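Take a look at the structure below.
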Amino acid sequence: MSDLICKNLNMTFTNPQTGSKIEALKDINFSLKKGELLSVLGPSGCGKTTLLNMIAGFLNPTAGSMSLGGNLIEGPSVERGMVFQQGALFEWLTVSKNVDFGLRMKKTPKAEAKKLVDKWLNIVGLQGFGDTPTYQLSGGMQQRVALARCLVNDPDVILMDEPLGALDALTREKMQSLILELWKETGKTILIITHSVEEALLLGERLFVMAPRPGRIHKEYKLPFAEEGLTKPLREIKHDTRFGDVREEILSMIWDMEEEIMGGA
Amino acid sequence: MLSWVSEERAFIAAVVIILLLLCFTISIFIGVKQTAFREKDEVFGDPERTLGGWYWTITGVSSVLLLWFYFSWGIGRAFFPEAGNEMCQIAKLETAIAPITATLPINTRYFKSTTLTRRNSEQLEILLSSMPTSIFTKIEQSELIEIIENSKAIIGVFSNQKNQSKESVAFLKKISSDIRKLSAELRLGFDGYLPTKEALAQPNWGTTYIEIPLLPITSKGVLFDSISNQASIITKTFLKTRNNSDAGDTLIESTKKKISLLKATNKSSVFDEDILIRRKAYVKAVERIFKRLDDGTIFPPKAFDGLNYAVTDLFTAIDETKGGLKLIDTLFVPGAGVIKSRTQCTEQGSGRWLPKPTDVIASFLKLANPNIEAGGGYKGSTLFWWKWLPIADLIGFIIPDKIIDLLPGEYGRHSDTGNFQSNYKDNLLALAQGDIYLGSIPMLDGHIWDSVFRVLVALILGIGLGVPLGIYMGVSRFFKSFFDPIIELYRPVPPLAWAPLILTIFGINDDGKIFLLFMVAFAIMVISARTGASGTQLSKIRASHSLGASNRQILRYVILPNALPEILTGIRISIGVCWGTLVAAEMLAGTTGIGFIENVARVVSNYELIWVTILIMGLLGLAFDIMMRRIINKTIPWRGKG
C-alpha cells in the first residue's frame with residue numbers, strides 16, 4: 001500500500017562560517033497509512049518545516065530514509081503535493097492557468113486538462129473565477145487556488161505548511177471545513193503543519209507534538225475531532241469539554257518547552 | 001505658398017504672443033478662482049490635490065513660451081520689426097568711432113596712454129631686475145641697462161606736454177571739432193532723411209540667413225547711417241595721428257642701434273645652444289617693449305581732454321536721438337545688443353544663442369522637407385522619410401561572404417580563350433555580396449531613422465543575449481561566478497569612454513555605434529535579468545518542483561516570467577542610456593544621425609538647428625519612455641501586487 005514511512009530520520013545543519021552543528025531533527029520514526037490525516041504541532045524551531053521539506057523532497061536527511069508506497073523518497077515529485085503558507089501562486093497566470101500548471105508540465109491534452117481544472121475549481125468553490133488574475137484574489141481564495149493546483153495533479157500525499165496561517169479567523173474556519181471535506185472526498189493522506197493548537201486538534205486524526213533541541217516527536221495523540229468535524233459544525237466541536245481538555249494539556253506542554261528554551265538561552 | 005508664412009513670421013509671432021498672454025492671464029484667473037473654491041473641502045496632503053488643474057498647466061506652458069519669446073527677442077521683433085535695423089545703424093556709428101573711444105576713458109576707467117605708461121614701466125622694471133647676468137658680458141650688461149633706461153626715458157618724453165608735436169595738437173583739435181559737428185547734426189533730428197528703394201527691398205529681420213540687413217529702412221536709421229559714414233572718415237584721420245617729436249626720435253634711433261648690435265652678436269658668436277636660446281629670449285623681451293613705445297601712441301596726460309569731451313557729448317547726442325528706441329532696447333532686447341559685422345548686423349547675447357520660436361519652427365520645417373533637391377533634409381539625408389531598399393543589399397548585409405568560402409569546390413577561373421564562366425560558387429558569392437538584383441522593398445530612411453535603427457538593433461541584440469545569460473547567472477553558480485567579473489569590470493566604465501576604442505575597431509558607421517550601444521544594453525539587461533531571476537521566491541520554485549516541472553520548465557515558466565518586471569525595467573533604462581550614448585557617439589564621429597546634425601550645427605554656430613535637434617531628441621526620448629511605460633503597465637499588471 002502507499003504508506004508514508006519515515007525511519008530514523010536525522011537532520012543536522014552545519015553553519016558554514018563557524019562550523020557549529022545544529023541538530024534540527026533527531027531519530028524521527030513514524031508511518032502514515034493511506035488516507036490518514038496527520039497534524040504536526042510544536043514551538044518554533046522544533047523542525048516541523050524541516051520535516052515537511054524532507055518529505056516533500058526539497059531536503060535530503062543526513063541519516064535515515066523515507067519511503068512512499070515502497071519507493072524511496074529522493075527528490076520532489078508529483079506524488080507529494082505541497083501547499084505553502086502564502087499560496088506561492090504564479091501571479092502572472094490566471095486562476096485556471098495556475099491550477100492547470102502541473103497538467104501543462106505533464107503535457108496533458110488540453111480538453112482533458114480543462115475538464116479537470118473546471119472540476120477542481122468547482123470543488124474548492126471557485127467556479128467562475130477561472131479567468132481572474134490571482135493577484136486580485138483575497139487570501140482565502142488564493143489558498144483555495146493553491147489547494148486546487150495541488151489536487152489536480154492527483155498526489156498520494158498532500159503536504160501543507162501552515163496553509164491557513166495568514167488568514168483571518170472567519171476565513172480560516174471556512175478553509176478548515178474545506179480541508180476536512182477534501183480529505184473525506186478524496187481519501188488522500190494529508191500532513192498539516194500548524195502553529196495553532198485548535199487547528200491541529202481539528203485537522204488531525206493523529207497529532208504529533210514536537211519538541212525542539214534536538215527536534216523530535218514529543219508525544220502522539222489519536223483524536224476523534226476530525227471525523228466529527230465532517231458532520232458537525234467546527235464551532236460546536238470547539239466547545240466540547242474533551243476538546244478543551246486536550247487543548248489545555250497541549251498548550252501547557254508547549255508553554256513548558258518555550259520556557260525551557262528561553263531559560264536555556 | 002509657404003513663403004508668405006515665412007516672410008510674415010513677425011506678424012504671426014505677434015498674434016501668437018498676444019494669444020499666449022491671454023491664455024496666461026485667463027488660466028491664472030481660473031486657477032486662482034478654483035483654488036479659492038476648493039480650499040474649503042480639501043485636506044492638505046490629500047493625493048487628490050495633485051490631480052487635475054489643467055489651468056496651471058496652461059499657465060506653466062504659456063509662461064515658458066512667453067519667456068522663450070522674450071529672451072529670444074521674439075517679442076521685440078514681432079512688435080517692433082524696424083527696431084533691429086535702427087539698432088544696426090547705431091551699431092555702425094559705434095563701430096565707426098570705436099578706435100577713438102578705445103583711447104578714452106569711456107567704456108574703461110583710464111586713458112589708453114595712462115594704461116600703456118603704467119604697464120610698460122612695470123614690465124621694464126621687472127626686466128631690469130631679472131636680467132640673467134651669467135650669459136651676458138659686463139659690456140653687454142651695461143648696454144642692456146642703457147636700452148631699458150632709454151625706453152623709460154621715451155615714455156617720459158612722450159608724456160611731456162612741451163614735447164608734443166604742433167602737428168598732432170592741431171590734428172586732435174580738428175578731430176574734436178568734427179565730432180562736435182556730428183553731434184550737432186544728430187541733434188537737428190531726422191526730418192527729411194529718406195530710405196533708399198534698395199534698402200526697402202531688403203529681406204525682413206531674420207527671414208533669410210542675413211539676420212539684420214545693413215541698409216537703413218527708416219528716417220532715423222538713415223540719419224545714423226550718414227553720421228556713421230562721416231565718423232569713419234574722422235576715425236581714419238585719428239588713426240594716423242602720432243605723438244612724434246624730435247627729442248623722442250633721437251632717443252628711439254640710438255636705442256634701435258643698440259638693440260640691433262646685440263642681435264648681431266647673438267647671430268655671429270659661437271654660444272652653447274641653451275645659452276644662445278636664453279640670450280635671444282631676453283633680448284627679444286626687451287625689444288618687444290621698446291617696439292610698443294616707439295610708435296608714438298603715448299600722449300601727454302591732458303592731450304585728449306578736448307576729444308574726450310566731444311566723444312562723450314556724441315554719445316549723449318546718440319542717446320537723445322534714439323528716443324523711443326531706447327525704451328525698446330532696454331525692455332525688449334535683453335542681453336547684449338546688435339553688433340555690426342562686414343555684411344550684416346547680428347544679434348548678440350540671448351538673441352543669438354536662443355533663436356526665436358518661429359525661426360526654430362522654420363528651421364525644423366526645412367529640415368523635415370524630404371525633397372533634398374529643394375534644399376530639404378541635411379547633408380544629403382532626409383530627416384525622417386522612406387526609400388526603396390534593394391533586397392540584395394539586405395542579403396549582402398546579413399550573409400557574410402566568408403561563409404561562401406567554406407563551401408566545397410573552387411571559384412571559377414578564366415578559360416584558355418580568355419572567357420570567364422561563373423560556377424555555382426561564384427553565383428553564391430555574388431548573392432552574398434549583394435550584386436544580384438532581386439527587387440526592392442520600401443524602407444524607412446533619414447537621420448532620425450538612422451539613430452532609432454541603431455538603438456533598436458543594439459537593444460534587440462542586448463536583450464536577446466543579455467536576458468538568457470542574466471537568467472542563467474541568477475540560477476547557476478558557474479554562470480554567476482564565471483561571467484560576473486567580466487561584466488562587472490566593463491560595466492562601470494562610462495559608455496563614452498569606450499567610444500574612441502570601439503569606433504576605431506568597428507568603424508564610424510553603424511557597426512561601431514551598434515556595438516557600443518550593445519555593450520551598454522547588454523550589461524544592463526544581464527544585471528536586471530539576473531536580479532529578477534535570483535529574486536524568485538523559493539516557495540514558487542519548490543511548488544513548481546512538486547507540481548512536476550523539470551528544471552528547464554521551471555526556467556521557462558516560472559523564473560523567466562518572475563523576472564519579467566525587472567527585465568522590462570531594464571529595457572526602459574537601456575533605452576534611456578542607449579539614446580544618450582548614441583547621440584554623443586554620433587557627435588564624435590559619423591555622417592548621419594540626429595547627433596551628427598547637432599555636431600555640424602555646433603561647428604557652424606547654427607543655433608536654430610541646435611535647438612531643433614535638442615527638441616527632436618527630447619521628444620523622441622519622451623516617446624520611447626511613454627511607450628515603455630505603456631508596455632510595462634500592460635505586460636506586468638501584477639507588479640507590486642504579488
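On the given criteria, is residue A:28 touching a strand residue (DSSP E or B) at 6+ places or on another chain (Cβ under 6 Å) and open to solvent by 40 Å² or more (accessible area, probe 1.4 Å)? I'd like the intermediate steps shown before the answer.
On the way: touching a strand residue (DSSP E or B) at 6+ places or on another chain (Cβ under 6 Å): yes; open to solvent by 40 Å² or more (accessible area, probe 1.4 Å): no.
It is false that residue A:28 is touching a strand residue (DSSP E or B) at 6+ places or on another chain (Cβ under 6 Å) and open to solvent by 40 Å² or more (accessible area, probe 1.4 Å).
State all residues of the stretch B:412-459 that are in contact with a helix residue (DSSP H, G or I) (Cβ under 7 Å, 6 or more places away or on another chain) and closer than 30 Å to residue B:584 by Cα; if no residue qualifies, say none.
Answer for the stretch B:412-459, where residues must be in contact with a helix residue (DSSP H, G or I) (Cβ under 7 Å, 6 or more places away or on another chain) and closer than 30 Å to residue B:584 by Cα: B:447, B:448, B:451, B:454, B:455, B:457, B:458, B:459.
Select from the stretch B:401-415 the residues that are without any contact (Cβ under 8 Å) to a residue 12 or more places away in the chain and in a loop (DSSP other than H, G, I, E, B) and write down the one among them that is least open to solvent (accessible area, probe 1.4 Å). Even if it seems obvious, please write down each step before you answer.
Pass one, the stretch B:401-415, residues without any contact (Cβ under 8 Å) to a residue 12 or more places away in the chain: B:402, B:405-406, B:408, B:413-415.
Those left that are additionally in a loop (DSSP other than H, G, I, E, B): B:408, B:413, B:415.
Numbers: B:408: 95, B:413: 176, B:415: 49 Å².
So the residue we want is B:415.
Answer yes or no as to whether residue B:72 is out of contact with any Cys (no Cβ under 9 Å at 6 or more places or on another chain), over 17 Å from residue B:335 (Cα atoms) and in contact (Cβ under 8 Å) with a residue 12 or more places away in the chain.
Considered against the rule, which asks whether it is out of contact with any Cys (no Cβ under 9 Å at 6 or more places or on another chain), over 17 Å from residue B:335 (Cα atoms) and in contact (Cβ under 8 Å) with a residue 12 or more places away in the chain, residue B:72 comes out as no.
Which residue, of B:515, B:506, B:522, is without any contact (Cβ under 8 Å) to a residue 12 or more places away in the chain and more than 14 Å from every other protein chain (Cβ to nearest Cβ)?
It is B:506.
Taking the condition within 24 Å of residue A:33 (Cβ to Cβ) and within 14 Å of another protein chain (Cβ to nearest Cβ), does residue A:157 pass?
yes
Among the residues of the stretch A:52-68, write down those that are of a type outside the set (Gly, Ala, Ser), in a strand (DSSP E or B) and more than 14 Å from chain B (Cβ to nearest Cβ). Walk me through how you get there before you give the answer.
Residues of the stretch A:52-68 that are of a type outside the set (Gly, Ala, Ser), as a first pass: A:52-55, A:58-62, A:66, A:68.
From the residues that got through so far, the ones that are in a strand (DSSP E or B) too are A:66, A:68.
Scanning the stretch A:52-68 gives a single hit, A:66.
Yes or no, residue by residue, for (1) open to solvent by less than 10 Å² (accessible area, probe 1.4 Å); (2) charged (D, E, K, R):
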| residue | (1), (2) |
| --- | --- |
| A:130 | no, no |
| A:136 | no, no |
| A:143 | yes, no |
| A:169 | no, no |
| A:172 | no, yes |
| A:190 | yes, no |
| A:197 | no, no |
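One residue is enough: does the stretch A:249-264 have a residue meeting the conditions in contact with a Phe, Trp or Tyr (Cβ under 9 Å, 6 or more places away or on another chain) and open to solvent by less than 40 Å² (accessible area, probe 1.4 Å)?
Among the residues of the stretch A:249-264, at least one is in contact with a Phe, Trp or Tyr (Cβ under 9 Å, 6 or more places away or on another chain) and open to solvent by less than 40 Å² (accessible area, probe 1.4 Å), which makes the answer yes.
Of the residues B:594, B:559, which single one is within 14 Å of another protein chain (Cβ to nearest Cβ) and open to solvent by less than 30 Å² (accessible area, probe 1.4 Å)?
Working: B:594 fails: within 14 Å of another protein chain (Cβ to nearest Cβ).
Only one candidate qualifies: B:559.
Which of the residues that make up the stretch A:72-87 are in a loop (DSSP other than H, G, I, E, B), among the aliphatic types (A, V, I, L, M) and surrounded by 23 or more Cβ atoms within 10 Å (Cβ to Cβ)? Lay out the reasoning, then the answer.
Just the residues of the stretch A:72-87 that are in a loop (DSSP other than H, G, I, E, B), to begin with: A:73-79, A:84-87.
Those left that are additionally among the aliphatic types (A, V, I, L, M): A:73, A:78.
Scanning the stretch A:72-87 gives no hits.
What single numbered condition from (1) modelled with pLDDT of 90 or more; (2) open to solvent by less than 60 Å² (accessible area, probe 1.4 Å) fails to hold for residue B:118?
With respect to (1) modelled with pLDDT of 90 or more; (2) open to solvent by less than 60 Å² (accessible area, probe 1.4 Å), residue B:118 is out only on (2).
Considering B:605, B:550, B:534, B:574, which residue is polar (S, T, N, Q), within 31 Å of the chain's Cα centre (by Cα) and open to solvent by 30 Å² or more (accessible area, probe 1.4 Å)? Quick ask: steps written out before the conclusion?
Working: B:550 fails: within 31 Å of the chain's Cα centre (by Cα); B:534 fails: within 31 Å of the chain's Cα centre (by Cα); B:574 fails: open to solvent by 30 Å² or more (accessible area, probe 1.4 Å).
Just one listed residue meets the conditions, B:605.
Condition test on residue B:284, is it open to solvent by 40 Å² or more (accessible area, probe 1.4 Å), within 49 Å of the chain's Cα centre (by Cα), assigned by TED's automatic domain parsing to the domain that holds residue B:153 and under 30 Å from residue B:188 (Cα atoms)?
Values: open to solvent by 40 Å² or more (accessible area, probe 1.4 Å): yes; within 49 Å of the chain's Cα centre (by Cα): yes; assigned by TED's automatic domain parsing to the domain that holds residue B:153: yes; under 30 Å from residue B:188 (Cα atoms): no.
Judged against the criteria, residue B:284 is not a match.
Determine whether residue A:49 is in contact (Cβ under 8 Å) with a residue 12 or more places away in the chain, within 13 Å of another protein chain (Cβ to nearest Cβ) and within 30 Å of residue A:260 (Cα to Cα).
On the way: in contact (Cβ under 8 Å) with a residue 12 or more places away in the chain: yes; within 13 Å of another protein chain (Cβ to nearest Cβ): yes; within 30 Å of residue A:260 (Cα to Cα): yes.
Answer is yes for this residue.
When only residues in the stretch A:69-86 that are within 14 Å of another protein chain (Cβ to nearest Cβ) and more than 16 Å from the chain's Cα centre (by Cα) count, which is farthest from residue A:158 (Cα to Cα)?
Within the stretch A:69-86, the first condition is being within 14 Å of another protein chain (Cβ to nearest Cβ), and the residues that meet it are A:73-86.
Within this subset, residues satisfying the condition of being more than 16 Å from the chain's Cα centre (by Cα) are A:73-75.
Numbers: A:73: 14, A:74: 17, A:75: 15 Å.
Ranking the candidates gives A:74 first.
Quick grid of which residues meet (1) closer than 30 Å to residue B:156 by Cβ; (2) open to solvent by 70 Å² or more (accessible area, probe 1.4 Å):
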position	(1), (2)
B:87	no, no
B:101	yes, no
B:104	yes, no
B:110	yes, yes
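Tell me yes or no: at least one residue of the stretch B:617-628 is more than 23 Å from residue B:446 (Cα to Cα) and within 14 Å of chain A (Cβ to nearest Cβ).
No - not one qualifying residue is present in the stretch B:617-628.
Give me the pairs: first residue in the stretch B:108-132 and in contact (Cβ under 8 Å) with a residue 24 or more places away in the chain, second residue surrounded by 15 or more Cβ atoms within 10 Å (Cβ to Cβ) and among the polar types (S, T, N, Q), beta-carbon distance under 7 Å, and six or more apart or on different chains, which are they?
B:111/B:103; B:112/B:103; B:116/B:297; B:117/B:159; B:124/B:151
Every residue, every condition in (1) aliphatic (A, V, I, L, M); (2) farther than 22 Å from residue B:593 by Cα; (3) exposed (fewer than 13 other Cβ atoms within 10 Å of the Cβ); (4) modelled with pLDDT under 85, yes or no:
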residue: B:417; (1), (2), (3), (4): no, yes, yes, no
residue: B:420; (1), (2), (3), (4): no, yes, yes, no
residue: B:427; (1), (2), (3), (4): no, yes, no, no
residue: B:434; (1), (2), (3), (4): no, yes, no, yes
residue: B:438; (1), (2), (3), (4): yes, yes, no, yes
residue: B:442; (1), (2), (3), (4): no, no, yes, no
residue: B:446; (1), (2), (3), (4): no, no, no, no
residue: B:450; (1), (2), (3), (4): no, no, no, no
residue: B:454; (1), (2), (3), (4): no, no, no, no
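Take residues that are modelled with pLDDT under 85 and either farther than 28 Å from residue B:165 by Cα or in contact with an Asp or Glu (Cβ under 9 Å, 6 or more places away or on another chain) (or both) and tell me which of the helices (runs of 4 or more DSSP H) falling wholly in the stretch B:177-268 contain 2 or more.
Details: elements: B:197-200, B:219-240, B:246-268.
Where helices (runs of 4 or more DSSP H) fall fully within the stretch B:177-268 and carry at least 2 residues being modelled with pLDDT under 85 and either farther than 28 Å from residue B:165 by Cα or in contact with an Asp or Glu (Cβ under 9 Å, 6 or more places away or on another chain) (or both), they are B:246-268.
Mind checking which residues of the stretch B:367-411 are at pLDDT 85 or above, touching a helix residue (DSSP H, G or I) at 6+ places or on another chain (Cβ under 6 Å) and not aliphatic (A, V, I, L, M)?
B:378, B:381, B:384, B:411
Open to solvent by 40 Å² or more (accessible area, probe 1.4 Å) and either within 14 Å of chain B (Cβ to nearest Cβ) or in contact (Cβ under 8 Å) with a residue 40 or more places away in the chain (or both), is that true of residue A:34?
yes
Give the stretch B:35-54 a look and list any residue that's surrounded by fewer than 10 Cβ atoms within 10 Å (Cβ to Cβ) and among the polar types (S, T, N, Q), or say none.
Of everything in the stretch B:35-54, just one residue is surrounded by fewer than 10 Cβ atoms within 10 Å (Cβ to Cβ) and among the polar types (S, T, N, Q), namely B:50.
Being outside any helix (DSSP H, G or I) and within 17 Å of residue A:81 (Cβ to Cβ) is the filter here; which residues of the stretch A:170-203 pass it? Quick ask: steps written out before the conclusion?
To start, the set of residues in the stretch A:170-203 that are outside any helix (DSSP H, G or I) comprises A:187-196, A:203.
Of everything in the stretch A:170-203, those that are outside any helix (DSSP H, G or I) and within 17 Å of residue A:81 (Cβ to Cβ) turn out to be A:187, A:188, A:189, A:190, A:191, A:192, A:193, A:203.
Tell me the residue from A:158, A:123 that is β-branched (Val, Ile, Thr) and either within 13 Å of the chain's Cα centre (by Cα) or more than 28 Å from residue A:3 (Cα to Cα) (or both), please. Steps first, please.
Details: A:123 fails: either within 13 Å of the chain's Cα centre (by Cα) or more than 28 Å from residue A:3 (Cα to Cα) (or both).
Just one listed residue meets the conditions, A:158.
The values are calculated or read from the model by the stated rules, or taken from the named source; none is laboratory data. What you are looking at is a predicted structure, and each value in this text was computed from that prediction instead of being measured. With ideal geometry, Cβ positions are generated from the backbone for all residues, glycine too; neighbour counts draw on all protein chains shown. What goes into the accessible areas is simple: the full protein's heavy atoms, side chains included, and nothing from ligands, DNA or RNA. Shrake-Rupley method; radii C 1.70, N 1.55, O 1.52, S 1.80 Å.
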